[in-house]
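Here's the structure we're looking at; comments come further down.
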Amino acid sequence: MRDLAIRSIRRFLVRVPVRTPIVWGSGVRTGVTRLLVEVTTEAGIVGWGETICLLDAIPAVLDRAVIPLAVGRGVDEVERFHRHVLGAGYYHHKRAAVMAMCAVEMAMWDAFGKACGQPLYRLWGGEWRTRIPLAAYLLQSDPRVCEQDARDYLAAGYETFKLKIGYDERSDVELTRIVREVIGPDRPLRLDVNGAWTPGTAKRQLQRLLPHDPAYVEQPLELDDLAGHAALRASQSVPIALDESAYTLQDVGNIVRAQAADVILLDPHEAGGLWQTVKAAAVAESVGIPVTLHSGGELALSQAAYLHLAASIPNLTLAIDNELGHLAGDICATPFVIDRGTLTVPDRAGLGVDVDPALVARHEVHDITGAYLDPRRPGWFPTKPAY
């Protein structure tokens, strides 16, 4: 239908500060930078999309390749759009292309859902679950701060906890012990290493962490080492989850073939869109692997997209990662309300959220800052593996 063709696309780079600096193995973040895309069809339907934006290559690919290939295409053609971008040479550079593609692809889905008068989960097989549990995200290396954050999340009703470790051997165990003591023996506790361990360190640390009953350890080794993750998974009892190794649909296929993970974290921004995420989840489902969603500081559009994905994907049985509580702003005038660690799936057409132009203007920036490194340590940079 000609009415579904994309007439125009606008994009906005925004940066929303966080309430307190986020500490992780690759540095410190004081805000989240996101790319927003507004798609308008020939019929005047407007769709919005969002993607993570950590590096300068992403806006460049969006402007020079993705947008030109999207204008004139129907918003119902997400598969053809995705393959066209890769076929234009970006199969060589997937990790830049997928993030740029996601913003437009999400906006296409939003517009198509509005054209159909349906929320997105109904276009992906229907509603499997209505309330989506969130993981409390502990993003501080100071043990006292981490302990208090865990207590605050527990009081707010969260049932699943995710802890960043991977700073050094001692703090790996100490932070895990502290959080386990706060949340008790029965609540799931996930540990995220961000690829900081060598294979030898991984063996030692997993043995030391075993008494604290991790629900899983995420990305213990560097992202390319599927063989190492498979060996680690086979040699000990702590479940292995992969995130940075699982960007694209092909990455997920390789993980399944290698038997390298017990859990896979998916992310539409790193897969090239929402439909690619649905397909990747199905690959995992075919071999009984549960999936969840990785968080990179989603604003309202991506948060809504996550809820539609979680509502419709049967094997997305684990609480999704979430940084909503860390953000000091958003681009939607009606914020999401977390109720005892859960969010309700939007039931309006498309993504089901409204972008506030005034908030976009307030947060608009022209460059990307503070994604990696640590301004407190001039000359420092992370290495993977680190120890």
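Listing for the model above:
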{"read-out": "Residues whose placed amide H lies under 5 Å from that of LEU373, excluding near-sequence neighbours", "value": "VAL28"}
{"read-out": "Amide H contacts under 5 Å for GLY297, placed H, 5+ residues apart", "value": "GLU323"}
{"read-out": "Cut-off under 5 Å, modelled amide H: who pairs with LEU266 long-range", "value": "THR292, LEU293, HIS294"}
{"read-out": "Residue of GLY27, GLY184, GLY350 that the Gaussian network model of the chain assigns the largest fluctuation, springs spanning Cα pairs under 10 Å", "value": "GLY184"}
{"read-out": "Normalised contact order of the chain, rounded percent, pairs of Cα under 8 Å and 6 or more residues apart", "value": "23 percent"}
{"read-out": "Backbone HN-Hα couplings from phi across region 9-24 [Karplus 6.51/-1.76/1.60, Hz, Gly and Pro as x]", "value": "9, 10, 9, 9, 9, 10, 9, 10, x, 9, 5, 9, x, 8, 9, 8"}
{"read-out": "Sequence-separation-based contact order of region 121-351, relative, with Cα cut under 8 Å and 6+ spacing, percent", "value": "23 percent"}
{"read-out": "Residue-averaged 222 nm ellipticity for the chain, from DSSP H runs of 4+ at -39500 (n - 2.57), nearest 500", "value": "-10500 deg cm²/dmol"}
{"read-out": "Span-like helix ranges in the chain, DSSP H, alpha carbon extent 20 angstrom or more, Kyte mean at least -1.0", "value": "94-116, 169-183"}
{"read-out": "Under Karplus coefficients 6.51, -1.76 and 1.60, residue-wise ³J(HN,Hα) of region 344-358 in Hz, glycine/proline x", "value": "8, 6, x, 10, 7, 5, x, 5, x, 10, 10, 7, 9, x, 5"}
{"read-out": "Projected label distance in nm at TYR372 and GLN207, using a 7 Å step from Cα toward the beta-carbon", "value": "3.3 nm"}
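Computed from the coordinates by the stated procedures, all read-outs in this text should not be read as laboratory data. Being a predicted model, the structure only gives us computed values, none of them experimental. Using ideal geometry, Cβ is built from the backbone for each residue, glycine included, and neighbour counts are taken over all protein chains shown.
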